[in-house]
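FYI, it's all coordinate maths here, none of it is from the lab. Please read these numbers as outputs of a predicted model, since none were measured by experiment. Cβ placement follows ideal geometry from the backbone for every residue including glycine, while neighbour counts extend to all protein chains displayed.
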Amino acid sequence: IITGLIPGLHTNTIAIILMGLVLKGWLDFSNNIVVGGLVCMLVVHSFVDYIPSIFFGAPNSDTVLSVLPGHRLLLKGKGYFALRETVIGGIISFLIGLPFLLVFGWFLINWLDSLKLFVAPVLLIITSWLILSEIELKKIIWAAFVFISAGVLGIISLNTFIVKDPLFPLLSGFFGVSMLLFSLGKRGVVPDQKIGGDFELFSFGNLALGFVSLFASSLMVLFPSLGPTQSATVAQAILRKSSHQKFLNVMGGINTLDVLFTIVMLYLVGSARSGVLVVVQQLFEISIDIFLIMFLSLFIGLGFGVLVSLYVGKRVSKVVSKINYNLVSISMIGFLGILAIVLSGFLGLFLMSISTAIGIISQNAGVKKVHAMGVLTIPTILNF
């Protein structure tokens, strides 16, 4: 819960601390409790981490694309509904993904190495599609500029090791600080948030969005170098001009399916795609017993994550409308700046300033913020 609510505090950090305590003998828990607790933390985090993104514009690497649609719904009094869409997407996509695990498992075992050859072409097709989807020539040029500028910044910061942990200041600038600065003065107070209302969990629309999440997430299985953010980029290309609610629904699904698929990948091919699972791999042999504990913990974490995120979301919704949003925005910008210095030094703050400028350019030009994901896409293409 804490890692989801505090930007910059990642599940990997908690897992590494826990590993140190276990290895030193300061924690005397059974293997089942340690493994189950780590997996539950991953699942709960995948739900709760949308709260700071939607209500305060403070993203992490998995939720960056949810900031702008979440913020727009917040300013319409629908912040809680935005959060609820991510929860619905997580539940539906998780249930839809279960029957497909055998299919993905077969692909992993038989085609994993061969599929690496297609990573760069697939990413080039997706990004070209997104840029051309702006339709107007002027916007296409601006979109290409944002994509290339972000990519150059990504190459310099991610491949040169000049800055420690550059991803946080980069993504916070592109998607968090730029949005908060852009909104300053436009509306000083967030409207009262609407809470409640009936909804259909298993509606046709939600099921359809669940399959969009599944398709986008399958790229993470077929091309393990891709993560949730790149999968969300694919989803945005598919949805195009769909509502913010639908995109957030799909984002929630992708984030939850990422946890499900990474656990299956760990067991089948020994690939630990997250720091938490690296810790599990370091502490324990990934036997069928350990896998079954992790798999059971997914369901426990799912139930707990849903309840906690909706409860905390309701509490935040009741408070956020009573405060001056300009003050909140300024405070959050300051908080993100301090975190950038703590995590990445003053060079991290410099990186955040540049990425913020690129983010503001994309907003002024009226092009999608997703083009700033060139910061990860271009380095990935070059690595293949």
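Within 10 Å of each candidate Cβ there may be at most 14 other Cβ atoms; applying that plus a DSSP loop requirement, which trypsin sites (Lys or Arg not before Pro) in the stretch 121-185 survive?
Here the sparse-neighbourhood loop sites are K164.
Mean-square fluctuation check for the chain, GNM, Cα pairs under 10 Å: which of L101, L171, L83 is largest?
The residue with the greatest mean-square fluctuation here is L101.
By a straight-distance test (C-alpha under 20 Å), which aspartates and glutamates pair with K194 as possible cross-link partners, with residues fewer than eight away in the same chain excluded?
Candidates past the 8-residue exclusion: E85.
Counting only the backbone N, which residues of the stretch 257-277 are under 18 Å from the spot 7 Å out from the Cα of N110 toward its beta-carbon?
Within reach of a label on N110: 265, 268-269.
So for the chain, averaging the separation of alpha carbon pairs under 8 Å that are six or more residues apart and normalising by length, what relative contact order in percent results?
Value for the chain: 35 percent.
What list of ³J(HN,Hα) couplings, whole Hz, do you get for the stretch 173-182 from phi and the Karplus terms 6.51, -1.76, 1.60, once you set θ to phi - 60° and write x for glycine and proline?
Each residue of the stretch 173-182 in turn: x, 4, 10, x, 4, 4, 5, 5, 5, 5 Hz.
Which trypsin sites (Lys or Arg not before Pro) does the stretch 255-329 hold that lie in a coil by DSSP with at most 13 other beta carbons within 10 Å?
K322
Tell me the label-point distance for the pair E136, F204, using the 7 Å Cα-to-Cβ offset, in nm and rounded to one decimal.
With each label placed 7 Å out from Cα toward Cβ, I get 3.5 nm.
Each residue of the stretch 32-44 in order: what ³J(HN,Hα) in whole Hz does its phi give by Karplus 6.51 cos²θ - 1.76 cosθ + 1.60, θ = phi - 60°, with x for Gly and Pro?
Values, residue by residue: 4, 5, 5, 5, x, x, 5, 5, 4, 4, 4, 5, 4 Hz.
Given K78/K318; K116/K369; K139/K164, which pairs have Cα atoms separated by over 23 Å?
Where the Cα-Cα span goes over 23 Å, the pairs concerned are K116/K369; K139/K164.
Going by C-beta contacts inside 10 Å, put W111, W129, W142 in order with the fewest on the left.
W111, W129, W142
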